[in-house]
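One structure below.
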Amino acid sequence: MMLPFIGMVFTALKASDEIYLANSFSFFPKAWRIANFIEAMNLAPWHRYFTNSFFITFVVVIGSLFFNSFAGYSFARLKFPGRDFLFFFILIGLMVPPQVTIIPQFLIMRAMPFFGGNNWLGQGGTGWLDTYYALIIPALSGSIGIFLCRQFYLGFPKALDEAARIDGCSPFRAYFMIYMPASKPIYASLGILKTVAVWNDFFYPLVMTNSEKMRTVQLGLQVYRSSGTVQWEYLMAATTIVTIPVLIVFLCFQRYFVQGIMTSGIK
Amino acid sequence: MKNRPKRFFRKKLNSERIGLLFILPNYLIYTVFVLIPVIWTLYLGFTDYNLMSAPKWVGIQNYVQAFQDENFTTALMNTFLFSIFTIFPSMVLGLIAAVLLNNKLLKGKAIFRACYYMPNIISMVAASMVWLWIYDPGHGLLNSILMAMKMETKDWLFDPFLAMPSVILVNIWNGLGYNMIIYLAGLQGIPEYLYEAATVDGASKLRQFFTITIPMIKPITFFLFVMACIKSFQVFDQVFIMTNGGPINSTTTIVHQIYQNAFQYNKMGYASAMALVLLLITTTITLFNFKYGNQESDII
């Protein structure tokens, strides 16, 4: 299971003549060449890709945790007209593959009024395409997140709300003072699932961006292949570096990660 | 009595308006970027639309064309084959790994678990890049090993007969850990006394596995199967990166065709029709899950 990873790191450390010399294959590098990592990073604007990916992941994770837990709390604990009906529509989102909605999403992004040279009818420019808005805003909502938060809050005793209400506590205060401090486990597992999903996403940014300055790290890996022959040592070095952040998150929060999968089961 | 109207107002504000206020940001985004697009895709599927001129209504022509289009029928076929040959091996291997790791005598379980799970954490892009190197005909790991063993080397991803199995192998490697984690949870939920009773009755370990373990984890198996189906039908990244559908369309899939038609050939209407075929397939699987899945014992 680990062999491909080990191969990746070793290849990233090899000198190029060691890779391309025929009939002299060795799994271990003969000379450990750390410089490959620096050279690989200098071949493309990787600082830009990393900034983009870090920024997008950070904003999406924080924002979606807030939004999803708000909605989850509301669906689980508050009564308002049409609640079950509205929740049913959220569940539809669990069934629709993201690739099914990508074409209209693209068209909507392109037609955002007043952005990217568009007029008020959304004509003439590129709208939100190739901007952070396109990469962040749709990801802030999420059926799975709402669903999991709702399930989590349903497990809280009803007496909690009643006590809060009798004491004159508004739902806003009840959320911030009672529910939020008790939500650490669901924040942790949801946050980690979201971090990995956003950091690793390829299809969505591929469709929504086209310029160098908006590329994410996953799109950046394509750089080494578009230029004819593949420079394996650089490609593997870059792949290693792109993998490290998510690996660190995984190793630090392994417990929550596994918990997240267990409670969600859905990915 | 005097403060009744005020209390009534407060109650209304508290529970009803605020409830809506809480879901508002989410619902706005969700409506614009999920609900409306679903309906829009439905509409676009019946039109001819190339981004330049307005969509032109063409009825079911896109669907007729799709099912006569060899690229799309091949993609459908490939996606089915990909799903079948990915799902079963990775579930069986995942279960075996879980059973082995559930063994109390085994040391260093956490490390094994992390190792098996790791392919699932890293992006499909990174995994694809690593396997591209493994499959590289000239300098790759696989052919280098074959050469060292004086065996015939193969053009893994460039051979129309080998390309799909090669992509499938990557996916089995990738999905195994996820199945293992879920199975492991299921195995730990089986009460110990069942095995103790069986041991007292003289049932062998293998017999116990088939008469206790397998039936007890049936709901999990069903759940994993449905999830894996839905995920497999959406396969794109690895195909796009490793083979781009080639050679001679041997690895093209439904989503790959959607992507190509929509964003490379600008045939938005035609691609939307394909997207609806995908939606139909995944919805069928999900409804099948609702109908036959044992919801009570699901992990959800």
Fill in the blank from the handout: Mean other chain Cβ within 10 Å across A:89-97 is 6
Practice task
For peptide A:190-203, compute the average count of partner chain beta-carbon atoms within 10 Å of each residue's beta-carbon.
Solution key: 3
Exercise for the section: Quickly rank A:33-46, A:68-81 as a protection proxy: mean count of other C-beta atoms within 10 Å, highest first. Expected result: A:68-81, A:33-46
Handout entry: 12 Å beta-carbon shell around residue A:188, net charge (K/R +1, D/E -1)
Key = +3
Problem - Cα pair distances of region B:82-253 binned at 5 Å [whole percent] - result: 1, 8, 14, 16, 16, 14, 11, 8, 6, 3, 2, 0
Problem - For residue B:47, distant residues with modelled amide H under 5 Å away - result: B:58
Handout entry: List A:18, A:162, ordered by accessible area with a 1.4 Å probe, largest first
Key = A:162, A:18
Exercise for the section: Any of A:194/B:231; B:109/B:205; A:79/B:291; B:205/B:291; A:158/A:184 with alpha carbons more than 23 Å apart? Name them for me. Expected result: A:79/B:291; B:205/B:291
Exercise for the section: Compute the distance in nm between two label points, each set 7 Å from the Cα along the Cα-to-Cβ direction, one at residue B:158 and one at residue B:290. Expected result: 4.9 nm
Handout entry: Helix-only [θ]222 nm of the protein assembly as shown, DSSP H runs n ≥ 4, -39500 (n - 2.57) each, per residue, nearest 500
Key = -20500 deg cm²/dmol
Exercise for the section: For region B:72-132, run through the trypsin sites (Lys or Arg not before Pro) and keep only the ones in DSSP coil with at most 11 other Cβ atoms within 10 Å of their Cβ. Expected result: B:104, B:107
Exercise for the section: From largest accessible area down, sort A:166, A:56; use a 1.4 Å probe on the protein chains. Expected result: A:166, A:56
Exercise for the section: Assuming a ≥ b ≥ c are the square roots of the Cα gyration tensor eigenvalues, decide whether the protein assembly as shown counts as rounded (a/c under 1.5), prolate (otherwise, with a/b larger than b/c) or oblate. Expected result: oblate
Fill in the blank from the handout: Under the rule rounded for a/c under 1.5, else prolate if a/b exceeds b/c, else oblate, using alpha carbon gyration tensor axes a ≥ b ≥ c, region B:99-159 is classed as oblate
Problem - Shielding by partners, peptide B:38-45 (average Cβ within 10 angstrom, other chains) - result: 4
Practice task
Using only protein heavy atoms and a 1.4 Å probe, report how much of residue B:149 is accessible, in Å² to the nearest 10.
Solution key: 110 Å²
Handout entry: Gyration tensor verdict on chain B (Cα atoms; rounded if a/c is under 1.5, prolate if a/b is larger than b/c, oblate otherwise)
Key = oblate
Completion exercise
Regression test value, accessible area per residue of region B:82-253, probe 1.4 Å, units Å², expected 45 Å²
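The values are calculated or read from the model by the stated rules, or taken from the named source; none is laboratory data. It should be emphasised that the depicted structure is a prediction, and the values quoted were computed from it without experimental measurement. Cβ sites come from the backbone with ideal geometry, for glycine too, and all protein chains shown count toward neighbours. Ligands, DNA and RNA are excluded from the accessible area calculation, which covers all protein heavy atoms including side chains. Shrake-Rupley method; radii C 1.70, N 1.55, O 1.52, S 1.80 Å.
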